Each structure stands twice: as C-alpha cells, then as structure tokens.
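Step one of this worksheet: look at the structure below.
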Amino acid sequence: MTLPPSLSDPALSDKVSIRGRRPRDLPTLRRWLADPEAAWRRWDAPYFHAASTTAVMQAYVDQLASRPPDPDERVIDLGGVCVGMVNRSEEAPAGGGWWDLGILVYDPAHWGRGVGTRALGLWVTATFEETNAHVVTFTTWSGNERMIRAALRLGFREAGRVREARVIEGRRYDSVRLDMLCADWERAQRETSVP
Ligand SMILES: CC(C)(COP(=O)(O)OP(=O)(O)OC[C@H]1O[C@@H](n2cnc3c(N)ncnc32)[C@H](O)[C@@H]1OP(=O)(O)O)[C@@H](O)C(=O)NCCC(=O)NCCS
C-alpha cells in the first residue's frame, strides 16, 4: 500500500509491518499487557475502571499460549520485534459491513515516531481486503491527540463527538469517533500510488 507522503520518521515506519502472533511474541505481550502500571493504560480507554481493565487483560494474557492466533488481531512488528497490536471487531449485526478497529503501541519510546500511523494504514488495508467492511471506525477520547492525529493523517474523518462524555482523572473529555469508507480509502490509495 502507499502511505501519505510525510510520516514522523520514514526510516522507522518503513520497518513496520503487521503479522500474526508467534510463540516468541508471548513474553513481550505478557510483559506489556499484564502490567497495570504500563503507560499505555493512561491513553487506551482510561475512563474504564482500572481494576476491571487489569482483570480483562490478565485473562487475555493467561489464555494467549493455549489459543491459536485470532484473525481479527495482529502483532505490530518493528524490525522483527513485536511492539504492539491491532485488533478489530464487527459491529452488530454481523454482515452489516461496519468494523471497529483498535491499535496499541506498547512502549512510549516508540510513540510519536510514525509507527502507529504506518501500522494503522496497514490494518485498514488488511481489514478492507479480508472482511466485508464497507466502513471502519476508531473510537477514542479527545485527550488522545496522537490517536486522533494518526487517524486524520491517514484520511479518517471525525464521524461523531459526544461532548464531555468521558471522565479521566476528574476531568471531562469528549468521546470521539473517526470513520473511513472503503471507497474513499481505495481512491486515496490509487491517487497516491506512483504509476
Ligand atoms: C495512539 C498510538 C497508536 C499512535 O501511534 P504513534 O506511533 O504514537 O503515532 P504516530 O507517531 O504515527 O502519529 C502521532 C501523531 O500525533 C502527533 N503527536 C506526537 N506526539 C504528540 C503529543 N504528545 N501530543 C499531540 N500530538 C502528538 C504526531 O506529530 C503525529 O501527528 P502528525 O502525523 O500529524 O505529525 C500510540 O501512541 C499508542 O499506542 N498510544 C497508547 C495506546 C493508545 O492510545 N491506543 C489508542 C486507543 S484508541
């Protein structure tokens, strides 16, 4: 696929791919997902109660080794190392063509360097290729500027904003949803492709 011309760190983002989970990724996944103090927890849906998020994450980590890779999840690979994950779920009703996407880059040292934008673009392309998706969305909160800017950079549009719907550390933020139509994505890919 072709990406927008200016990413934060083209040299780094060139090394980004998405792939299925391998057994050797498990220690990395366990380390980042099971840590209740991990920095990503302050950004990825921090409005949910920390204890319930920790319990959900622990249960997820516990069954990773015994469960085959899920086609609706991929690992973000940076130069051969697992640095994050992408996932997707179909909005009800099944077959309706609406999929909601998620992304997580574990280590703050990798944030703001173009990794997320690149992985997100690859995941959007994969989702339109592999599913019946007519439209894909991301749902976040107004304080997560990296997430919003990465999506806007790829051509996502703001589809909805519920004002002051989320409380984080005593302050209210908007719930923000961004969308991308399959037709718009494919058109943008054609227009930015080098002939
Ligand atoms: C959200 C996330 C996936 C984005 O990935 P990333 O690799 O950090 O993003 P990128 O570097 O590709 O792009 C970030 C954008 O935000 C900008 N940015 C970087 N740091 C920023 C900051 N501190 N404040 C505001 N904007 C910032 C960058 O300039 C870039 O925008 P631009 O392309 O218009 O210049 C990643 O930061 C992450 O996993 N965070 C923790 C978990 C999370 O929030 N997940 C999403 C839940 S909905």
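Data overview
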quantity: Where a residue in the stretch 1-27 is farther than 23 Å from Asp72 by Cβ and away from the ligand (no atom under 13 Å from the Cβ) and its partner, wherever it lies, is at pLDDT below 95 and of a type outside the set (D, E, K, R), with Cβ under 7 Å and at least six apart; calculated: Thr2/Gln189; Thr2/Thr192; Thr2/Ser193
quantity: Residues of the stretch 138-160 classified as more than 10 Å from the ligand (Cβ to nearest atom), surrounded by 14 or more Cβ atoms within 10 Å (Cβ to Cβ) and in a strand (DSSP E or B), total; calculated: 1
quantity: Residues of the stretch 104-137 satisfying the condition of being surrounded by fewer than 21 Cβ atoms within 10 Å (Cβ to Cβ) and part of a loop (DSSP other than H, G, I, E, B); calculated: Asp107, Trp111, Gly112, Arg113, Thr131, Asn132, His134
quantity: Boolean, Trp123 is among the hydrophobic types (A, V, I, L, M, F, W, C) and more than 10 Å from the ligand (Cβ to nearest atom); calculated: yes
quantity: Residue among Arg113, Arg177, Arg190, Arg171 that is more than 9 Å from the ligand (Cβ to nearest atom), touching a residue at least 40 places away in the same chain (Cβ under 8 Å) and of a type in the set (Lys, Arg); calculated: Arg177
quantity: Every residue from the stretch 16-46 that is assigned to a loop (DSSP other than H, G, I, E, B) and surrounded by 14 or more Cβ atoms within 10 Å (Cβ to Cβ); calculated: Arg21, Ala34, Asp35, Ala38, Trp43, Asp44, Ala45, Pro46
quantity: Selection within the stretch 107-130 - of a type in the set (Val, Ile, Thr) and within 11 Å of Met180 (Cβ to Cβ); calculated: Val124, Thr125, Thr127
quantity: Residue in the stretch 171-195 that is nearest to the chain's Cα centre (by Cα), counting only those that are more than 19 Å from Thr127 (Cα to Cα) and in a strand (DSSP E or B); calculated: Val176
quantity: Residues located in the stretch 141-164, provided they are in contact (Cβ under 8 Å) with a residue 24 or more places away in the chain and over 14 Å from Val86 (Cβ atoms); calculated: Trp141, Ser142, Gly143, Asn144, Arg146, Ile148, Leu152, Arg153, Gly155, Phe156
quantity: Long-range neighbours under 9 Å by Cβ, at least six apart or interchain, first residue modelled with pLDDT of 95 or more and surrounded by fewer than 13 Cβ atoms within 10 Å (Cβ to Cβ) within the stretch 83-103, second part of a strand (DSSP E or B) and small (Gly, Ala, Ser); calculated: Ser89/Gly102
quantity: Residue in the stretch 65-82 that is within 17 Å of the chain's Cα centre (by Cα) and among the polar types (S, T, N, Q) present; calculated: no
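The values are calculated or read from the model by the stated rules, or taken from the named source; none is laboratory data. Everything numeric in this text was worked out from a predicted model, so none of it was measured. Because the Cβ atoms are built from the backbone with ideal geometry, glycine has one as well, and the counts that use them run over all protein chains shown.
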